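Everything below concerns the one structure shown next.
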Amino acid sequence: MRILKTIEGLTNKEISNILERTEASIFSKTKKCKLLKFENWTKQSDELLEKLVFNTYRKIEEIARKLGRTELATKTRMKELFGSSSIQKLRNLSFLNNSETRFMESEIEFLKKNYYKKGAKECAKILKRTSQSIVKKVYKLKKHGVEFEEQFIPRFNGNMRGYVIYSNKTGKIIKRYNTLEEWARD
């Protein structure tokens, strides 16, 4: 098995077919024999991966074999580099045009000023993004210590059936009001 794995460079699936064993048993044995190889991706291998994905019509198995990697490692690297591990999606130009739509600095500033005033849905409409992407971005910004403007006017919260004010540091509710009149008296 050592020869098949190291010299021939066969995958676990191919070895399992040759030895008439399950793929899981081959994986287990290669792990015990320490035949698993973990190599960092180089610029050359990244460039070759890009060429094989976009300039050929090879399947993922062929690409992985050409690179000397497992299918899982190849798919993981494709996801890191291109945003998807699906070759069909990556070869579709419309997907590539929509992927990697990073937040611009102006959008981040808008979120800092307006997220707690307008909410995720309203910000999503204005920025033409999904509310999930807005919430995820705000979470990441908070995680990195970015300060948001305080919320002074309560927003309606349908789940609570009332109006709430959120903390700009934690994002948790700090005050609840049943009506705006109650807020005005406070």
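Residues in region 172-186 that are modelled with pLDDT under 75 and either surrounded by 15 or more Cβ atoms within 10 Å (Cβ to Cβ) or in a strand (DSSP E or B) (or both): I173, I174, W183. Scanning region 44-64 for residues being in a helix (DSSP H, G or I), at pLDDT below 90 and exposed (fewer than 12 other Cβ atoms within 10 Å of the Cβ) gives a total of 0.
For every residue, the table says whether it meets (1) surrounded by fewer than 12 Cβ atoms within 10 Å (Cβ to Cβ); (2) within 22 Å of V164 (Cβ to Cβ); (3) not assigned by TED's automatic domain parsing to the domain that holds I173.
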position: L111; (1), (2), (3): no, yes, yes
position: N114; (1), (2), (3): no, yes, yes
position: K118; (1), (2), (3): no, yes, yes
position: K128; (1), (2), (3): yes, no, yes
position: S131; (1), (2), (3): no, yes, yes
position: K136; (1), (2), (3): no, yes, yes
position: Y139; (1), (2), (3): yes, yes, yes
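Among all residue pairs at least 6 apart or on different chains, which show Cβ distances below 8 Å where the first residue, located in region 122-139, is free of Cβ contacts under 8 Å to residues at least 60 places away in the same chain and the second is of a type in the set (F, W, Y) and in a helix (DSSP H, G or I)? From residues that are free of Cβ contacts under 8 Å to residues at least 60 places away in the same chain, the pairs are C123/F110; C123/Y115; I126/F110; L127/F110; I134/Y115; V138/Y115. If I filter region 65-84 down to residues being hydroxyl-bearing (S, T, Y) and under 25 Å from L10 (Cβ atoms), which single residue comes out as modelled with the highest pLDDT? Of everything passing the filter in region 65-84, T74 is modelled with the highest pLDDT. In region 85-101 there is no residue matching the filter, namely being at pLDDT below 85, on the phi > 0 side of the Ramachandran plot and in contact with a Ser or Thr (Cβ under 7 Å, 6 or more places away or on another chain). Of all the numbered requirements in (1) within 30 Å of D186 (Cβ to Cβ); (2) at pLDDT 85 or above, E107 misses one, and that requirement is (1).
The values are calculated or read from the model by the stated rules, or taken from the named source; none is laboratory data. Here the structure is a predicted model, which means the values were calculated and not measured. Counting neighbours? That spans all protein chains shown, and the Cβs are built from the backbone with ideal geometry, glycine included.
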